[in-house]
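Below is one structure; the comments refer to it alone.
Just so it is clear, none of the values below were taken in a lab; they were calculated from the coordinates. What you see is a predicted model, and the numbers here were worked out from it, not measured in a lab. Virtual Cβ from ideal backbone geometry, glycine too; neighbours counted across all protein chains shown.
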Amino acid sequence: MTTAEKQNLVYFVSGKMYINLTNLCTCKCVFCIRDLNATVEGVDMHLDNLKADADEVIKYINELSDKIGSEVVFCGYGEPMIELESLEKVAKYVKENYPNVKIRVNTNGHANLIYKRDVLPELVGLVDTFSVSLNAENADLYKKITQCCYDADIAYQGMKDFIKESVKLGFNTYATVVDGFDGAKVDVKMCEKIAVELGANFRVREYLNEGYS
Ligand code: SF4
């Protein structure tokens, strides 16, 4: 395969390198670009077998290393922490071979619910930043927006616990909401208050037709 044929494993948004590890997710967000767009910046993000092979991802990172920039972001058409083993392998490789590059994971914060254990300690030293989708100011709205596979209270609390634990372990932690999508109106001020109470930074992600900021 040439790089052009595998652009959906390692792709670029606004000049930043992104890794698309999986098409699976515990959510089905109303604004998810998986359902709204087949492509990001012209690249079809649907993966063979719904997931990426870590060694293949590493190969394309190396092929595209001249464009690696200062931060690599795990974010694609799915929840990257579902492929935890691959995420750890790729992050470790980047840390060892591109020591100046920071690693960010954009996540729904369900990893500890998925694995039924706290996976965050094993990511210390591999991941610099977690950007966690807070999404809403209460569990009912969260469930409505994310359409996740867990009960509203379990999912919302699980995601908030993930944020708290991430802060506690010293990761640079952001709690985010998506603004600008008509079908999902959130109380941004209230979400900011919750993020601050959890000890996280707060970020509003502007909804874009071709992805998120
Ligand atoms: S958590 Fe992310 S990948 Fe999963 S459905 Fe929501 S927007 Fe899509």
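Structural remarks
- Normalising the average separation of contacting C-alpha pairs (under 8 angstrom, six or more residues apart) by the number of residues puts the relative contact order of the stretch 3-212 at 20 percent.
- For Asn172 and Arg117, a Förster radius of 35 Å and the Cβ-Cβ distance give a FRET efficiency of 0.95, rounded to the nearest 0.05.
- Within the chain, percent of DSSP bridges classed antiparallel, to nearest 5: 30 percent
- For the chain, the extents of the C-alpha atoms along the principal axes are 45, 35, 28 Å, listed from largest to smallest.
- Cysteine residues of the chain whose Cβ has no partner cysteine Cβ closer than 4.7 Å: Cys25, Cys75, Cys149, Cys191.
- Mean residue ellipticity, 222 nm, helices only, the chain: the sum of -39500 (n - 2.57) across DSSP H runs of n ≥ 4, divided by residue count and rounded to 500, is -9500 deg cm²/dmol.
- Multiplying the residue separation of Asp151 and Glu197 by 0.36 nm and subtracting their alpha-carbon distance yields 14.3 nm.
- Listed residues Thr176, Thr107, Thr39, most fluctuating in the chain (Gaussian network, C-alpha, under 10 Å): Thr39
- Point-to-point label distance, Asn138-Asn100, nm (Cα→Cβ direction, 7 Å offset): 5.0 nm
- Furthest towards positive pole of dipole, Leu198, Ala111, Ala184, structure part the chain, Cβ charges: Leu198
- Dipole magnitude of the chain, debye to nearest 20 (Cβ charges: Lys/Arg +1, Asp/Glu -1, about Cα centre): 400 debye
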